1. List the number of the failed condition for Ile46; all other conditions in (1) open to solvent by less than 30 Å² (accessible area, probe 1.4 Å); (2) at pLDDT 75 or above hold.
2. Within segment 172-187, can one find any residue that is open to solvent by 80 Å² or more (accessible area, probe 1.4 Å), modelled with pLDDT under 95 and either more than 15 Å from Ser57 (Cβ to Cβ) or more than 19 Å from the chain's Cα centre (by Cα) (or both)?
3. Quickly run through segment 64-97 and pick out the residues that are open to solvent by less than 70 Å² (accessible area, probe 1.4 Å) and not in a strand (DSSP E or B).
4. Check off (1) surrounded by 14 or more Cβ atoms within 10 Å (Cβ to Cβ); (2) at pLDDT below 85 for Gly165 and give me the number that stays unchecked.
5. Of all the residues that make up segment 103-120, how many are open to solvent by less than 60 Å² (accessible area, probe 1.4 Å) and of a type in the set (A, V, I, L, M, F, W, C)?
6. Between Thr138, Thr153, which is surrounded by 15 or more Cβ atoms within 10 Å (Cβ to Cβ), part of a strand (DSSP E or B) and modelled with pLDDT under 85?
Amino acid sequence: MKKISLTLLAIVAGATSAHAETFSGPFIGAQISRDAYEVKAEDTDIGIGTLDLDGLSGNGIGGGVYVGYDYALSNNVFFGVEANANFSGASISAELDDGTDSISGKIKARESFGLSARLGAMIADSTAFYARGGWQSTKFKTTVFDGVDTYGTKTMQDAVVYGAGLETRVGAQASIRVEYLIEDYGSAGLNRDLDTNGIRVDNNKLSLGISWRY
């Protein structure tokens, strides 16, 4: 009886250990995303008039890579840090015409880099729900045509990132995750030549990633 009890205790201890270590240690991964940018502006002077935008959006497919480290805080909770590099194909076009003059432009999102942390909890033996928060810096290319000349600028804009995701193990070392993140760029100076610092940009990002753990 004593031998059986010791055997059961060892099995339970082993299962608990495996559960606690499901998401721990270093990992690398790749992801594909759908970027959905929204631009808002209120009483923004662009030279020929006041710009007011609400609901102007542009979608695109993106992708990237990430690397990070997770640490098990308890049997059910883990904490992780992560760095990423991404590229987006999203763009937004707009035109303003006051009856006399007109101006049109396009904003394209390009490469971005970021750091974030996540806090997760196990909801099944191999699946976890987590919340993420961090920072992202994205390069935007702006092209403007004022009716006579075409010119452009490139700027890096910083965003506060927050959201949540689900990750599940699909093998001894691999896992798949789905995330929904919001990149809040606040009041972004996407075209300083036009003094348009009142433009607010948000990216609602849905991504699918696959990770490899060591």
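1. Here Ile46 meets the rest and fails (2).
2. First, pick out the residues of segment 172-187 that are open to solvent by 80 Å² or more (accessible area, probe 1.4 Å): 172, 180, 187.
From the residues that got through so far, the ones that are modelled with pLDDT under 95 too are 172, 187.
Restricting the remaining residues to those that are either more than 15 Å from Ser57 (Cβ to Cβ) or more than 19 Å from the chain's Cα centre (by Cα) (or both) gives 172, 187.
Scanning segment 172-187, I find at least one residue that is open to solvent by 80 Å² or more (accessible area, probe 1.4 Å), modelled with pLDDT under 95 and either more than 15 Å from Ser57 (Cβ to Cβ) or more than 19 Å from the chain's Cα centre (by Cα) (or both), so the answer is yes.
3. The answer is Ser74, Gly89, Ala90.
4. Result: Gly165 fails condition (2) only.
5. Going residue by residue through segment 103-120, those that are open to solvent by less than 60 Å² (accessible area, probe 1.4 Å) are 103-105, 107, 109, 111-112, 114, 116-118, 120.
Filter again for of a type in the set (A, V, I, L, M, F, W, C), leaving 103, 107, 109, 117.
Residues meeting the conditions: 4.
6. Working: Thr138 fails: modelled with pLDDT under 85.
Exactly one residue qualifies, and that residue is Thr153.
The values are calculated or read from the model by the stated rules, or taken from the named source; none is laboratory data. It should be emphasised that the depicted structure is a prediction, and the values quoted were computed from it without experimental measurement. Methodologically, a virtual Cβ is constructed for each residue, glycine included, from the backbone with ideal geometry; neighbour enumeration extends over all protein chains shown. Keep in mind that these areas ignore ligands, DNA and RNA; they rest on the heavy atoms of the full protein, side chains included. Shrake-Rupley method; radii C 1.70, N 1.55, O 1.52, S 1.80 Å.
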